[in-house]
Amino acid sequence: MERLQKVIANSGICSRRKAEELIKEGRVKVNNIIVRELGVKVSSKDKIKVDDKELSKENKVYYLLNKPRGVITSVNDEKSRKTVVDLIPCRERIYPVGRLDYDTTGVLLLTNDGDFANILMHPNDKVEKVYVVKVRGIIKGDSINELKNGVVIDGVKTEKAKVKLRRTDFKSNTSFLTVTIHEGRNHQVKKMFEAVGFPVLKLKREREFIFDLSGLKSGEYRKLTPKEVAIVYSLEKK
Ligand code: URA
């Protein structure tokens, strides 16, 4: 037996919070009876409808995409731009786990499994996100130390980060670094570098947790293995 709002969210139609709203608004029926309380538990035998449409019992699917530049990280876009979901033809209603900016490339997971997505999006020291960053300017040790110790963005200090200078190029006045963070605040890496005066020119996520870009060219994707999915779920118990 599982909580009704969890079952609705896991079906991929919305978040758990939105599912709670739907229940409170009287838009959810269990076995043709409207349910407005949040505590109700249901089993796979119960027929659940949202706005009189039965929830489909979709298979859970998990993808790893090497996101190209110029694609938006959402399910649909009001300006009709290409979204990451358009890059993965599948029957299930998948959505991205977290987000990458329009011009950011690299590791992006997509799924229709709300629990899986929540585990990875919940701040966890074990879920590292590793970015390769190209910035304008020749960055020095003092700025790198500031980034490592945390800088204030949107009024809140970032947590400690690993920051490694890869190389500097005096000719083009640029520096290349690797940055490892655990948080996932909006435009976090760009804002961190802005805070120390080095605008980001290029940003690529090389790794998230155990997922890297091995074997995937830009725009390519693959399914996760059952073992990889299990490793993500094992984080829940830690
Ligand atoms: N940080 C950013 O600034 N942008 C991204 O896309 C990801 C992390």
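Kindly evaluate Asp51 against the criterion of being closer than 26 Å to His122 by Cα, touching a strand residue (DSSP E or B) at 6+ places or on another chain (Cβ under 9 Å) and of a type in the set (Asp, Glu). Answer is no for this residue. Quick one: is Glu194 in a loop (DSSP other than H, G, I, E, B), of a type outside the set (Ser, Thr, Tyr), at pLDDT 95 or above and open to solvent by 50 Å² or more (accessible area, probe 1.4 Å)? Against the criterion (in a loop (DSSP other than H, G, I, E, B), of a type outside the set (Ser, Thr, Tyr), at pLDDT 95 or above and open to solvent by 50 Å² or more (accessible area, probe 1.4 Å)), Glu194 does not qualify. Screening Lys160 against (1) more than 15 Å from the ligand (Cβ to nearest atom); (2) part of a loop (DSSP other than H, G, I, E, B); (3) closer than 24 Å to Tyr102 by Cα leaves a single unmet condition, (3).
Right, Ile13: β-branched (Val, Ile, Thr), within 28 Å of Thr225 (Cα to Cα) and within 18 Å of the chain's Cα centre (by Cα) or not?
Details: β-branched (Val, Ile, Thr): yes; within 28 Å of Thr225 (Cα to Cα): yes; within 18 Å of the chain's Cα centre (by Cα): yes.
Spelling it out, Ile13 is indeed β-branched (Val, Ile, Thr), within 28 Å of Thr225 (Cα to Cα) and within 18 Å of the chain's Cα centre (by Cα).
The rows are residues; the columns are (1) within 16 Å of the ligand (Cβ to nearest atom); (2) within 30 Å of Lys191 (Cβ to Cβ).
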position: Arg3; (1), (2): no, no
position: Arg16; (1), (2): no, yes
position: Gly26; (1), (2): no, no
position: Leu38; (1), (2): no, no
position: Val50; (1), (2): no, no
position: Leu108; (1), (2): yes, yes
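Going through the stretch 166-210 one residue at a time, which ones are aromatic (Phe, Trp, Tyr), on the phi < 0 side of the Ramachandran plot and away from the ligand (no atom under 14 Å from the Cβ)? Step through it out loud before you land on a result.
If we filter the stretch 166-210 for residues that are aromatic (Phe, Trp, Tyr), which is where we start, we get 170, 176, 193, 198, 209.
Remaining after also requiring on the phi < 0 side of the Ramachandran plot: 170, 176, 193, 198.
Across the stretch 166-210, the qualifying residues are Phe170, Phe176.
Screening Ile139, Ile119 for residues that are among the β-branched types (Val, Ile, Thr), in a helix (DSSP H, G or I) and either surrounded by fewer than 19 Cβ atoms within 10 Å (Cβ to Cβ) or more than 14 Å from the ligand (Cβ to nearest atom) (or both) leaves exactly one candidate, Ile119.
Go through (1) under 16 Å from the mean Cα position of the chain (by Cα); (2) farther than 30 Å from Arg91 by Cα; (3) not charged (D, E, K, R) for Asn186 and report which single condition fails. The number of the failed condition is (2).
Let's see how each residue does on (1) under 16 Å from Pro199 (Cβ atoms); (2) touching a strand residue (DSSP E or B) at 6+ places or on another chain (Cβ under 8 Å); (3) in contact (Cβ under 8 Å) with a residue 24 or more places away in the chain; (4) crowded, with 17+ Cβ neighbours inside 10 Å:
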| site | (1), (2), (3), (4) |
| --- | --- |
| Asp101 | yes, yes, yes, no |
| Gly106 | no, yes, yes, yes |
| Asn112 | no, yes, yes, yes |
| Asn124 | no, no, yes, no |
| Val152 | no, no, yes, no |
| Arg167 | no, yes, no, no |
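Just wondering, is there one or more residues in the stretch 69-79 that are touching a helix residue (DSSP H, G or I) at 6+ places or on another chain (Cβ under 9 Å), in a loop (DSSP other than H, G, I, E, B) and surrounded by 16 or more Cβ atoms within 10 Å (Cβ to Cβ)? Lay out the reasoning, then the answer.
Start the filter on the stretch 69-79 by keeping residues that are touching a helix residue (DSSP H, G or I) at 6+ places or on another chain (Cβ under 9 Å), which leaves 71-76.
Then drop every residue that is not in a loop (DSSP other than H, G, I, E, B), which leaves 71, 73-76.
Then drop every residue that is not surrounded by 16 or more Cβ atoms within 10 Å (Cβ to Cβ), which leaves 71, 73.
Within the stretch 69-79 (the criterion being touching a helix residue (DSSP H, G or I) at 6+ places or on another chain (Cβ under 9 Å), in a loop (DSSP other than H, G, I, E, B) and surrounded by 16 or more Cβ atoms within 10 Å (Cβ to Cβ)), the answer is yes, since at least one residue qualifies.
For Lys227, the conditions (1) in contact (Cβ under 8 Å) with a residue 40 or more places away in the chain; (2) open to solvent by 60 Å² or more (accessible area, probe 1.4 Å); (3) away from the ligand (no atom under 11 Å from the Cβ) are fulfilled apart from (1). The residue list Lys148, Lys134, Lys202 contains one member that is at pLDDT 95 or above, open to solvent by 70 Å² or more (accessible area, probe 1.4 Å) and in a strand (DSSP E or B), which is Lys202.
The values are calculated or read from the model by the stated rules, or taken from the named source; none is laboratory data. These numbers were taken from a predicted model, which means no experiment stands behind them. No Cβ is skipped: glycine too gets one built from the backbone with ideal geometry, and neighbour counts run over all protein chains shown. Each accessible area value is taken on the protein alone, full model and side chains, heavy atoms only, with ligands, DNA and RNA left out. Shrake-Rupley method; radii C 1.70, N 1.55, O 1.52, S 1.80 Å.
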